[in-house]
Amino acid sequence: MAKDNLEYIKGSLNTQEQILTQAIAGERFARKHKGKIIAIIAVSILAVIYFSVTHLIEQNNIKANNALFTKLLANPTDTALQNELEKANINLFALFALGQAKENNSTALIDRALNNIKDENLRQILLANKGENVALMGDYETLISGFKELKNAKFDAAKLEFSKIPENSSLKEISKNLEHYQGIKQ
């Protein structure tokens, strides 16, 4: 019985010694890598702050651009608002130009938008509304035709339509996704 108590005491001392050893090792690690740990924490905090501020600025820009767009819709002939929207968000200005072109049968605003637009799909849409022949619209009609074939469960005909869309078209990815659709099996 005394021997069991002695073994129990040794075991508890070993456990306490192991805990103390691990604590000392942890403290050494923290002391050794203190600079790195502080740097990682600082970089993490700065990254969170940066992304939060960037998101906040982006949201404020969206609100300001939407307010500007709304004002312009209320007063479409205000050239100062047109210029401001054109500088703030050319894509929104292009959409405004599309709406005005339909209402007024004038392509002047579309021409202005085409001078600065960077989005190639939006450029193609603007050109198509001007009456110019654009490949995107042909590809779009082919995509719609293939989609109608899919709706009618004519999968081979749909696949044939989708294959007509060239590889360099911006609609090719959508056509590939639709091409693999085989209907909902019940």
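The values are calculated or read from the model by the stated rules, or taken from the named source; none is laboratory data. Predicted model only: the values in this text are computed from it and were never measured. Virtual Cβ from ideal backbone geometry, glycine too; neighbours counted across all protein chains shown. In case anyone asks, the SASA skips ligands and DNA or RNA and just uses the protein heavy atoms, side chains included. Shrake-Rupley method; radii C 1.70, N 1.55, O 1.52, S 1.80 Å.
Which residue, of Gly99, Gly138, is in a helix (DSSP H, G or I), small (Gly, Ala, Ser) and within 24 Å of Ala74 (Cα to Cα)? Reasoning before the result, please.
On the way: Gly138 fails: within 24 Å of Ala74 (Cα to Cα).
Testing whether each residue is in a helix (DSSP H, G or I), small (Gly, Ala, Ser) and within 24 Å of Ala74 (Cα to Cα) leaves just Gly99.
Tell me which residues, restricted to region 66-110, are among the basic types (Lys, Arg) and over 19 Å from Lys130 (Cβ atoms). Once the filter is applied, which keeps residues that are among the basic types (Lys, Arg) and over 19 Å from Lys130 (Cβ atoms), region 66-110 yields Lys71, Lys87. Identify all residues within region 140-165 that are surrounded by fewer than 19 Cβ atoms within 10 Å (Cβ to Cβ) and under 27 Å from Ile110 (Cα atoms); write none if there are none. Residues satisfying the conditions are Glu141, Ile144. Per this entry, Phe96 is counted among residues that are among the aromatic types (Phe, Trp, Tyr) and within 26 Å of Thr70 (Cβ to Cβ). When region 70-82 is limited to residues that are under 17 Å from Ser106 (Cβ atoms), assigned to a helix (DSSP H, G or I) and open to solvent by 70 Å² or more (accessible area, probe 1.4 Å), the one that is modelled with the lowest pLDDT turns out to be Leu73. Taking first residues from region 168-186 that are within 16 Å of Glu141 (Cα to Cα) and partners that are open to solvent by 80 Å² or more (accessible area, probe 1.4 Å) and modelled with pLDDT of 75 or more, the Cβ contacts under 6 Å between residues at least 6 apart in sequence or on separate chains come to Glu179/Lys159. Number of residues in region 97-139 that are surrounded by 15 or more Cβ atoms within 10 Å (Cβ to Cβ), more than 25 Å from the chain's Cα centre (by Cα) and in contact (Cβ under 8 Å) with a residue 12 or more places away in the chain: the value is 9.
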